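A.B. asks: My questions all concern the structure below.
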Amino acid sequence: MPPSNPDWFRHDRFGMFVHWGLYSLAARHEWVMNRERTSVEEYERYARFFDPDLYDPADWAARAKAAGMRYVVLTTKHHEGFCLWNTRLTDYSVMNTPAARDLVAPFVEAVRAAGLKVGFYHSLLDWHHPDFTVDGHHPLRDGDVERLNVGRDMANYRKYLHGQVRELLTDYGTIDYLFFDFSYPPESGHGVAGGKGAADWDSEELLAMVRELQPGIVVNERLDIPGDFMTPEQYQPTGPIMSEGVPVAWEACQTLNGSWGYDRDNEDYKSPDLLIRMLIDGVSKDGNLLLNVGPTARGSLDPHAIRSLDAVGEWMRVHSRSIYGAGSAEFTPPPDARYTRRGNRLYLHLFAWPFQHVHLPGLAGRVEYAQLLNDASEIHMREITEDTPGLYTAVGGQPPLTLTLTLPVRRPDVAVPVIEIFLREPEPAGE
Ligand code: GLC
């Protein structure tokens with residue numbers, strides 16, 4: 001099956017990641033089972049107390065939409081192996097907790113009702129499944145791995161993995177996006193117990209099944225075989241991502257505070273301004289931002305997450321046309337700034353507010369008009385090619401083809417000021 005057409009994905013640019021599971025009860029990172037080397041028997045006790053009485057996926061969807069996010073991705077199963085839907089393939093699911101109901105179905109309905117795209121995250125790892133062999137990431141990795149793996153049969157686990165993906169892509173209507181997580185091929189290290197890659201998942205067959213069940217879905221590259229988009233994680237690429245010399249769709253997945261799952265005592269929050277700059281930075285390099293929230297075990301978003309989403313939404317409410325449908329521009333931006341381009345509109349995002357002037361190389365003669373995006377107030381522009389000797393109050397001549405914009409001294413009261421530049425020429429051919 002050919003790869004899916006990620007046009008909506010490239011256009012929408014901004015999504016919400018939701019990490020939610022039994023680790024939300026532990027409230028100290030979603031890798032708590034790995035970090036604390038917790039046995040299955042001990043970890044299973046969390047299932048007895050998982051009772052998300054405040055779960056309201058319509059609220060999650062509304063907050064994502066208000067933040068300017070166009071798709072929402074929910075962890076169906078994380079590495080811990082606990083399933084948030086009514087799976088027929090294991091008892092280790094939400095059906096056998098005080099919640100006692102499928103939590104994926106109302107999520108899909110709420111996100112779709114909000115007019116957003118529906119995404120699933122699904123872990124290839126499973127630290128609960130008896131046939132998933134102990135490896136370099138497994139909570140039991142410090143034990144006698146050879147003895148622990150006696151009787152474990154990855155062929156059975158592959159059947160389980162494919163069976164659950166089939167359930168998820170069959171029972172919930174159209175699913176637009178799938179984030180598999182993750183491959184760590186044996187050659188990439190991971191200690192004496194080693195890693196797992198495409199052969200362990202039977203990735204080719206799994207991806208073929210995904211495309212058969214959901215022909216329009218976009219899938220990431222973490223099956224350890226090519227997908228529809230790349231997934232830089234917890235860093236910002238320095239430029240467009242290329243594969244064999246060709247730019248590819250990519251999405252940076254980022255957290256609010258370094259943890260994907262709810263992490264109660266973690267205060268390492270990124271400021272809303274930084275989050276907005278990360279979104280802009282990614283789009284300026286033809287990438288998306290998938291920004292994560294980790295709901296509590298009650299099912300609610302924590303106050304800090306809410307404040308972050310509100311602040312990003314306030315900026316997006318006025319500036320989203322520099323993000324949606326936008327991408328990189330062929331021009332070199334001035335210092336502390338990013339360009340995005342959408343058709344014949346060029347957007348100058350000023351991460352620092354310069355005093356009085358900003359000089360734009362190569363744009364002289366190519367701009368019809370310019371305005372502050374937040375209030376559509378005109379920004380004056382001119383070419384300054386000559387110095388004015390002796391006139392100490394005149395800004396100096398600039399290199400040829402430089403366009404100088406005159407800025408108000410007072411910085412607009414927005415997280416990142418943006419100047420909307422109306423180019424004279426149409427979109428470059430092939431855009
Ligand atoms: C890494 C982490 C996992 C998280 C994922 C999000 O793979 O192991 O916990 O869900 O990143 O991209």
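What follows is calculated from the coordinates using simple rules that are stated; it is not laboratory data. Everything numeric in this text was worked out from a predicted model, so none of it was measured. In this analysis, Cβ positions are derived from the backbone assuming ideal geometry, glycine residues included, and neighbour counts consider all displayed protein chains.
A.B. asks: Stokes-Einstein diffusion coefficient for segment 294-375 at 4 °C in a medium of 1.567 mPa s, Rh from the Kirkwood formula over Cα pairs: what value in µm²/s?
C.D. replies: In µm²/s, the coefficient rounds to 85.
A.B. asks: Using the alpha-carbon atoms, what tilt in degrees (0 to 90, nearest 10) does helix 57-66 show relative to the longest principal axis of the chain?
C.D. replies: 20 degrees
A.B. asks: Working from Cα positions, state the angle (0 to 90°, nearest 10) between the long axis of helix 272-283 and the longest principal axis of the chain.
C.D. replies: 80 degrees
A.B. asks: On to the next question. Quick check: Cα centre of segment 16-70 to Cα centre of segment 262-312, how many Å?
C.D. replies: First find each Cα centre; the distance between them is then 16 Å.
A.B. asks: A follow-up question, please. Calculate the dipole size of segment 337-423 relative to its Cα centre from +1 charges on Lys and Arg beta carbons and -1 charges on Asp and Glu beta carbons; express the result in debye to the nearest 20.
C.D. replies: Charge dipole of segment 337-423: 340 debye, to the nearest 20.
A.B. asks: Would you compute the Debye intensity of the chain from its alpha-carbon atoms alone, equal scatterers and no solvent, and pass along log10 I(q)/I(0) at q = 0.09 Å⁻¹ to two decimals?
C.D. replies: These q points yield log10 I(q)/I(0) values of -0.62.
A.B. asks: In whole Å, what is the distance between the alpha-carbon centres of segment 97-144 and segment 393-407?
C.D. replies: Measuring centre to centre over Cα atoms gives 56 Å.
A.B. asks: As I understand it, the dipole of segment 7-322 uses +1 on the Cβ of Lys and Arg and -1 on the Cβ of Asp and Glu, about the Cα centre. Which of Gly163, Leu291, Ser183 lies farthest toward its positive end?
C.D. replies: Going by the charge dipole, the pick is Leu291.
A.B. asks: Working from Cα positions, state the angle (0 to 90°, nearest 10) between the long axis of helix 203-213 and the longest principal axis of the chain.
C.D. replies: 80 degrees
A.B. asks: With charges set only on the Cβ (+1 for Lys and Arg, -1 for Asp and Glu), what does the dipole of the chain come to about its Cα centre, in debye to the nearest 20?
C.D. replies: 840 debye
A.B. asks: Sticking with this structure for a sec: Considering amide H positions built from the backbone, and no H for Pro or chain starts, which residues 5 or more places from Val218, or on another chain, come under 5 Å of its amide H?
C.D. replies: When sequence neighbours closer than 5 places are left aside, the close amide H contacts are Tyr177, Leu178.
A.B. asks: Related question: Toward the positive end of the charge dipole of the chain, about the Cα centre and with charges on Cβ (Lys, Arg +1; Asp, Glu -1), which of Leu360, Ile384, Gly325 goes farthest?
C.D. replies: Sorting the options by dipole projection puts first Ile384.
A.B. asks: Specify whether the C-alpha gyration tensor of segment 337-423 places it in the rounded, prolate or oblate class, a ≥ b ≥ c being the square roots of the eigenvalues: rounded for a/c under 1.5, otherwise prolate if a/b is larger than b/c and oblate if not.
C.D. replies: oblate
A.B. asks: Just give me a number: lysine pairs in the chain, eight or more positions apart or cross-chain, with C-alpha atoms less than 23 Å apart.
C.D. replies: Qualifying lysine pairs in the chain: 8.
A.B. asks: Right, next: Counting other C-beta atoms within 10 Å, which of Thr340, Thr238 has the fewest, and how do the rest follow?
C.D. replies: The order, fewest Cβ neighbours first, is Thr238, Thr340.
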